[in-house]
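A.B. asks: Have a look at this one before I ask anything.
The values are calculated or read from the model by the stated rules, or taken from the named source; none is laboratory data. Just so it is clear, the model here is predicted, and its values are computed rather than measured. In this analysis, Cβ positions are derived from the backbone assuming ideal geometry, glycine residues included, and neighbour counts consider all displayed protein chains.
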Amino acid sequence: MRWLPLLLGAELILSFTSPPAPAVADPAVTPRPWLHTGVTLYADSLTVRGLFCFPLPLRPGSPASCTATSMDVRRPLVLIDDGTGGVCVKAARALLTGDVHFHAAVLSGRLLGVLPVALPTSAIPPLPIPYLTLDGVKAKGVQLTATKVSLTRLDIAASAPCDG
């Protein structure tokens, strides 16, 4: 599966990038550009700690992205669709820690539980945000890498559309 690489070892490295980024930094390997993906995330809530978004791409050909020290996602449902079918990834909870990098073409939800927001991650100002919570999250065009991922009650199914 070219769009859902899982490397099991001392840590679980989970990457929803397309094409997959190398799991180990190797100077001989040139990083591939982040492309628009068919990955959509739905979640009851998303809590990000230590958020900082970059207004410009870190690498040529990649989108502007954000970093965080941790990301806690309640009831995530991820639909990965490459146009020929889909894969649904569901869990009760996902906790991403370590070196978290993410980008979303459109991130929408309710800030403070009531204020609706919808914007690309490239539109988030480059200011450190210590804590951010969104409810009713929908993120389209998601690209996400994390050093360590903990998933509770994981369910992966090769079916589309996903049923929540």
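A.B. asks: With the requirement that a residue be surrounded by 15 or more Cβ atoms within 10 Å (Cβ to Cβ) and either touching a helix residue (DSSP H, G or I) at 6+ places or on another chain (Cβ under 9 Å) or farther than 18 Å from Thr69 by Cα (or both), what does the range 101-121 give you?
C.D. replies: If the condition is that a residue be surrounded by 15 or more Cβ atoms within 10 Å (Cβ to Cβ) and either touching a helix residue (DSSP H, G or I) at 6+ places or on another chain (Cβ under 9 Å) or farther than 18 Å from Thr69 by Cα (or both), then Phe102, His103, Ala104, Ala105, Val106, Leu107, Ser108, Gly109, Arg110, Pro120 are the ones that fit.
A.B. asks: Still on this structure, I have one more. In the range 145-164, which residues are part of a loop (DSSP other than H, G, I, E, B), at pLDDT 90 or above and crowded, with 17+ Cβ neighbours inside 10 Å?
C.D. replies: If we filter the range 145-164 for residues that are part of a loop (DSSP other than H, G, I, E, B), which is where we start, we get 147, 153-154, 158-164.
From what is left, the residues that are at pLDDT 90 or above are 147, 153.
Within the range 145-164, no residue meets the criteria.
A.B. asks: Which members of the range 122-134 meet the condition of being among the hydroxyl-bearing types (Ser, Thr, Tyr) and either within 16 Å of Met71 (Cα to Cα) or surrounded by fewer than 15 Cβ atoms within 10 Å (Cβ to Cβ) (or both)?
C.D. replies: Tyr131, Thr133
A.B. asks: Further question: With under 12 Å from the mean Cα position of the chain (by Cα) and modelled with pLDDT of 85 or more as the only criterion, which of Pro76, Pro116 stands out?
C.D. replies: After ruling out the rest, the residue left standing is Pro76.
A.B. asks: So if I check each of Val137, Val142, which one is buried (at least 17 other Cβ atoms within 10 Å of the Cβ), hydrophobic (A, V, I, L, M, F, W, C), farther than 17 Å from Arg49 by Cβ and in contact (Cβ under 8 Å) with a residue 60 or more places away in the chain?
C.D. replies: That would be Val142, the only listed residue that is buried (at least 17 other Cβ atoms within 10 Å of the Cβ), hydrophobic (A, V, I, L, M, F, W, C), farther than 17 Å from Arg49 by Cβ and in contact (Cβ under 8 Å) with a residue 60 or more places away in the chain.
A.B. asks: Further question: May I ask you to say which residue of Ala118, Ala94 is farther than 14 Å from Val48 by Cα, touching a strand residue (DSSP E or B) at 6+ places or on another chain (Cβ under 6 Å), among the hydrophobic types (A, V, I, L, M, F, W, C) and part of a strand (DSSP E or B)? Break it down into steps so the answer makes sense when it comes.
C.D. replies: Values: Ala94 fails: farther than 14 Å from Val48 by Cα.
Going through Ala118, Ala94 in turn, just one is farther than 14 Å from Val48 by Cα, touching a strand residue (DSSP E or B) at 6+ places or on another chain (Cβ under 6 Å), among the hydrophobic types (A, V, I, L, M, F, W, C) and part of a strand (DSSP E or B): Ala118.
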